[in-house]
Amino acid sequence: FGPFGALNPRELWMMVVLISGLSFLGYWLVKALGSGRGSLAVGLVGGLASSTATTLSLSRRAKEGADAASAASGILMANVMMLARVALILGAIAPAELIRIAPTLAAAAVAGVAAAVFLFRRRQDRDNQSSVTLGNPFELRPALIFAGLLAVISVAAAAGADAFGAFGLFVISAVSGLADLDAITLSAGRQASAGALGAGVAGAAVLIATLANGVTKGVMAASVGGARTGASVLAGFALMALAAGGAILLTPH
């Protein structure tokens, strides 16, 4: 119901459960393995729960005196896991779109891992006891807020696509990706699986949102963690973007 028939309460809540489940898996891994196992390990498990929370936590650690290269390596690894999270979401609701953008996601992930390992080896704090603070993903209030955000973005994406075609969806993706990647991934994937979008449009929208989200994380790392942390993170993100662009150019269409 609602504008453009974009709202389905059952589907919306199923998507909330999907995201909460992925977040809980990362949350459980952090609790089970401990969050003081080094920045790469923290990024690996924390990024599955929330790449934003992990980026913020490690940036704060850098501000408090932790090594910038160490913090940046964890942030990059967390955002590599964000790509894995995108792949899991699309695989669950729009596998055809995942197949189309899998080479691009894989190229960006490989570049991100390489940059994270390079920075990790250049760290000065050899003990490297990084930590991350995550909220419980099964708390009701954040789930309700996410459901509301998903509903708003679903309507906005449908309206943009209806009024301006793929360009409208891409603009909505860029704007929403600055704040949240899960919601636009779910919305675009849902429209693709319902046949409301042309082949490859949803995948392109997800890639645009991912790029916008990377800009947000880079600004967050620089503003909270300092210039050295921000520069390392942005350099890593630039390498990931170049790898993704190369994969797009080389992938047959």
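Just to check your reading of the model, which residue among Gly38, Gly65 is on the phi > 0 side of the Ramachandran plot, without any contact (Cβ under 8 Å) to a residue 40 or more places away in the chain and surrounded by fewer than 24 Cβ atoms within 10 Å (Cβ to Cβ)? Full working, then the answer.
Values: Gly38 fails: without any contact (Cβ under 8 Å) to a residue 40 or more places away in the chain.
Criteria check complete, one pass: Gly65.
What's the total number of residues in the stretch 217-247 that are over 16 Å from Arg61 (Cβ atoms) and free of Cβ contacts under 8 Å to residues at least 60 places away in the same chain? Steps first, please.
First pass over the stretch 217-247, keeping only residues over 16 Å from Arg61 (Cβ atoms): 218-219, 231, 234-247.
Keeping just the survivors that are free of Cβ contacts under 8 Å to residues at least 60 places away in the same chain gives 218-219, 231, 234, 238, 245.
Number of matching residues: 6.
Being of a type in the set (D, E, K, R) and either open to solvent by 20 Å² or more (accessible area, probe 1.4 Å) or under 15 Å from Leu239 (Cβ atoms) (or both) is the filter here; which residues of the stretch 80-128 pass it? Full working, then the answer.
Within the stretch 80-128, the first condition is being of a type in the set (D, E, K, R), and the residues that meet it are 85, 97, 100, 121-123, 125-127.
Passing the criteria: Arg100, Arg121, Arg122, Arg123, Asp125, Arg126, Asp127.
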### Query
Across the stretch 48-61, which residue is farthest from Ser20 (Cα to Cα) among those that are touching a Lys or Arg at 6+ places or on another chain (Cβ under 8 Å) and at pLDDT 85 or above?
Thr55
### Task
Kindly check whether there is at least one residue in the stretch 50-57 that is more than 30 Å from Gly195 (Cα to Cα), assigned to a helix (DSSP H, G or I) and aliphatic (A, V, I, L, M).
yes
### Task
Please tell me if Gly226 is touching a helix residue (DSSP H, G or I) at 6+ places or on another chain (Cβ under 8 Å) and within 20 Å of Leu18 (Cα to Cα).
no
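With more than 20 Å from the chain's Cα centre (by Cα), modelled with pLDDT under 85 and on the phi < 0 side of the Ramachandran plot as the only criterion, which of Leu140, Leu119 stands out? Give the steps one after another, and end with the answer.
Numbers: Leu119 fails: modelled with pLDDT under 85.
From the options Leu140, Leu119, the qualifying one is Leu140.
Looking at the stretch 71-78, is at least one residue of a type outside the set (Asp, Glu), under 18 Å from Ile208 (Cβ atoms), in contact (Cβ under 8 Å) with a residue 40 or more places away in the chain and open to solvent by less than 30 Å² (accessible area, probe 1.4 Å)?
Taking the stretch 71-78 and keeping what is of a type outside the set (Asp, Glu), we get 71-78.
Filter again for under 18 Å from Ile208 (Cβ atoms), leaving none.
For the stretch 71-78, residues of a type outside the set (Asp, Glu), under 18 Å from Ile208 (Cβ atoms), in contact (Cβ under 8 Å) with a residue 40 or more places away in the chain and open to solvent by less than 30 Å² (accessible area, probe 1.4 Å): absent.
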#### Entry: Residue check for Val113: more than 21 Å from Val224 (Cβ to Cβ), at pLDDT 90 or above and in contact with a helix residue (DSSP H, G or I) (Cβ under 9 Å, 6 or more places away or on another chain)
yes
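The values are calculated or read from the model by the stated rules, or taken from the named source; none is laboratory data. Given the structure is predicted, the values throughout are model-derived calculations rather than measurements. Positions of Cβ are backbone-derived with ideal geometry, glycine not excepted, and every protein chain shown enters the neighbour counts. SASA here: full protein model, heavy atoms, side chains in, ligands and nucleic acids out. Shrake-Rupley method; radii C 1.70, N 1.55, O 1.52, S 1.80 Å.
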